[in-house]
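To keep things clear, I will list the structure first and then write my remarks on it.
Just so it is clear, none of the values below were taken in a lab; they were calculated from the coordinates. These numbers come from a predicted model, not from an experiment. Backbone-built Cβ (ideal geometry, glycine too); neighbour counts: all protein chains shown.
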Amino acid sequence: MALPTAQPAEVLRAWQKDDLYQKQLAGSLARLMPSNRASKAVPISSLLYKSFTTLRDLQTLGEEYSGIVQVDETYNKLPSFCNRLLSIALSAFGENLTRRLFRYAENAVEQNSSLRPAVQNSFLVLLKALTNMVPQIENIHRALCYINGGPIQLGKTAAGIDYVQVRPAAAAYYAHLRLLGIVTLLHAFVSCGQSVHQAKRHIDQMRDFPNEVESNKSCVACLEEIVQPCALPCGHIFCMQCSYGALETCALCRTPFTKNTVVPLMNYCP
């Protein structure tokens, strides 16, 4: 007899338990690692936790607590080793890999001299908007799981992994989860809309760029009057908020720089 599909409440409870244990493991690893490597503790803890459970065809502590088991798309067999390995890799490194891909695309656009400046700036702004949307993609997937069921982690869905229930489940919270999923979905769509709107507004500002920056008192990055001017290694001057903010390359000559190479000009007035 086929086992029933796991209820969203049980999947969520298992995910919360596993997330708690992984955070505790990450905290212990961070104390053992050098301070400049402490940020690596989170993906390493996720990789270790799932390698000793999911990769070995064992339930995680959260799955055992909730009484659910991972299965493949047929709902009759355990996931294959390749699918389990893919889900672990995507869960641990998927977001960082996506951000690196967008950053690589930004660098490719910046170095493409065949593009007109207006087109180049438009592509860069849109890529920035997509980078900001990466967390919202996970939130949209999570909201759909609250509504329709399925694994919370996007990596498991991409690898074709789902859950079945091996113990009787209390489905009393399912209606509440559907409401939470709708609210989460609306919030994610609003956040994506804000990112697109900000990108469009920036594109509109870039169209008027020649008229906006005629004054040498204007910051090229934010198109506002320069406040607390700072010089980049290439010699161009921007306001401090932009220099130590989102800028990674000079907005004029596209020269990359790091924050520790920015020089504040304490007594300089444009």
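Loop-located trypsin sites (Lys or Arg not before Pro) across region 1-83 with a Cβ neighbour count of 10 or fewer within 10 Å are Lys77, with loop assigned by DSSP.
Using R0 = 35 Å, the C-beta based FRET efficiency linking Tyr65 and Leu179 works out to 0.90. By the count of other C-beta atoms within 10 Å, a proxy for reagent exposure, Glu248, Glu110 are ordered fewest to most as Glu248, Glu110. Averaging the sequence gap over all C-alpha pairs within less than 8 Å and six or more residues apart, then dividing by the number of residues, gives the chain a relative contact order of 19 percent. The lysines within cross-link reach of Lys128, meaning a Cα-to-Cα straight distance under 20 Å and a gap of 8 or more places when in the same chain, are Lys200, Lys259. Computed over the chain, the P(r) tail beyond 22 angstrom holds 67 percent of alpha carbon pairs.
Of all lysines in the structure, those lying under 19 Å Cα to Cα from Lys17, and not within fewer than 8 positions of it along the same chain, are Lys50, Lys156. Mind giving me the FRET efficiency for Val196 and Leu97? R0 is 35 Å, r the Cβ-Cβ distance, nearest 0.05 is fine. FRET efficiency, Val196 to Leu97: 0.90. Once the chain from Phe189 to Asn148 is taken as fully extended at 0.36 nm per residue, the excess over their C-alpha distance is 13.0 nm.
Once the Cβ-Cβ distance between Thr258 and Tyr75 is put in as r, and R0 is 45 Å, what FRET efficiency do you end up with, to the nearest 0.05?
Details: r = 51 Å, r/R0 = 1.13.
It comes out at approximately 0.35.
Between Ile137 and Ala38, the contour length at 0.36 nm per residue exceeds the Cα-Cα span by 33.0 nm.
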